[in-house]
1. How about region 89-147: which of its residues are charged (D, E, K, R) and under 21 Å from residue 239 (Cα atoms)?
2. Criterion first (closer than 30 Å to residue 199 by Cα, more than 14 Å from the chain's Cα centre (by Cα), in contact (Cβ under 8 Å) with a residue 60 or more places away in the chain and part of a helix (DSSP H, G or I)) does residue 164 satisfy it?
3. Which condition number in (1) out of contact with any Gly (no Cβ under 7 Å at 6 or more places or on another chain); (2) surrounded by fewer than 19 Cβ atoms within 10 Å (Cβ to Cβ) is the one that residue 9 fails?
4. Go through region 134-160 and give me each residue that's β-branched (Val, Ile, Thr) and open to solvent by 50 Å² or more (accessible area, probe 1.4 Å).
5. I'd like to verify a number: residues in region 72-119 that are farther than 17 Å from residue 33 by Cα and of a type outside the set (D, E, K, R), how many?
6. Here are 110, 93, 115, 100: which of them is open to solvent by 20 Å² or more (accessible area, probe 1.4 Å) and either β-branched (Val, Ile, Thr) or at positive phi (or both)?
7. Could you please find all residues in region 169-178 being modelled with pLDDT of 85 or more and either closer than 16 Å to residue 78 by Cβ or open to solvent by 20 Å² or more (accessible area, probe 1.4 Å) (or both)?
8. Counting just the residues of region 184-241 that are modelled with pLDDT under 75 and of a type in the set (S, T, N, Q), which one comes out farthest from residue 274 (Cα to Cα)?
Amino acid sequence: MVTKQNHSSVTEFILLGFSGNPRINWILFFFFLILYLLTVVGNGLIVALIRIDARLHTPMYFFLSILSLLDLSYATTTVPQMLAHLVSKNKTISYVGCVIQMYIFLTLGITETWIFAVMAYDRYVAICYPLHYGVQMSQALCIILVVSSALCGLTCALVYTVFAMTLPYCGPNEINHFFCEIPAVLKLACADTSLNDRVDFILGFILLLIPLSLILTSYVHIFMSILRIHSTQGQMKAFSTCASHITVVTMFCIPCMVMYMRPGSEASPEDDKKLALFYNVISAFLNPIIYSLRNKDVKRAFLRLTGMGEDTQ
């Protein structure tokens, strides 16, 4: 039996990953490698298209490029290490490395949640006040909104990380996960984690439910405005610009709510890994597909870039 201590004696953690079967791990390696490469290409392509094509230099596409950068960074924080551990006998991560990974992952995730709210506000202004859109969504305001989202991510991630890693970890050191995510790490603490559960719930409320409430409020006004459009074609176009955003918000935020707003005692390691895969890997992979397949401007920019489209003004 491990004796509880007032300090952390663990200097490194072992990430158990998905399976102890080498054959299954090799299958998972190739599957996630392809998924990660497609994620890098997809998100990188969207950022490049928006940067290169002057027609996409608008607030909506500026925020989309930020989202793609966040998705790319988000996946890169965990997937390369996961791939290495799938085919290596050494599955350790240092204590400091675990803290750094946890902090960066949380920073990017929290920032992305607020960027979703910013994107909803952008659509609200564009659809409800189209004549004032250029004035209200100025370049300065767009930058302020992105920087504010990032600062919120940096600050709140620090609170999460400090509360988690100031607990004593005196063994065992095996994390039943594929990266250092807070709920999985807290299960190894040799101390009472009820305060952490309360902090996680409060921060989860602030960082998930408040942005979701802002998104919901924006879309209630958007849909009311769309219903006042007399043209059916105009209604469909307005709905189309919102459908992609609603889809990616749902894919990202719902699993995050389940993960971070429930008591740690109710968490299942296998369920946690599936949820984390969904909002960390699958969501980052699908976002470029959802936006590019439903967005004519992005498709036209790609065709112009490859020389397959007409470069008309």
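The values are calculated or read from the model by the stated rules, or taken from the named source; none is laboratory data. Quick caveat: nothing in here was measured; it's all calculated off a predicted structure. Here the Cβ is made from the backbone with ideal geometry for all residues, glycine too, and neighbour counts use every protein chain on show. For accessibility, only protein heavy atoms count, side chains too; no ligands or nucleic acids. Shrake-Rupley method; radii C 1.70, N 1.55, O 1.52, S 1.80 Å.
1. 122, 123, listed by residue number.
2. In short, yes.
3. Just one mismatch for residue 9, condition (1).
4. Pass one, region 134-160, residues β-branched (Val, Ile, Thr): 135, 143-144, 146-147, 155, 159.
Those that are β-branched (Val, Ile, Thr) and open to solvent by 50 Å² or more (accessible area, probe 1.4 Å): 135, 143, 144, 147, 155, 159.
5. Adding up the residues that qualify gives 28.
6. None of the others qualify; the one that does is 100.
7. Scanning region 169-178 gives 173, 174, 175, 176, 177, 178.
8. The qualifying residue farthest from residue 274 (Cα to Cα) is 231.
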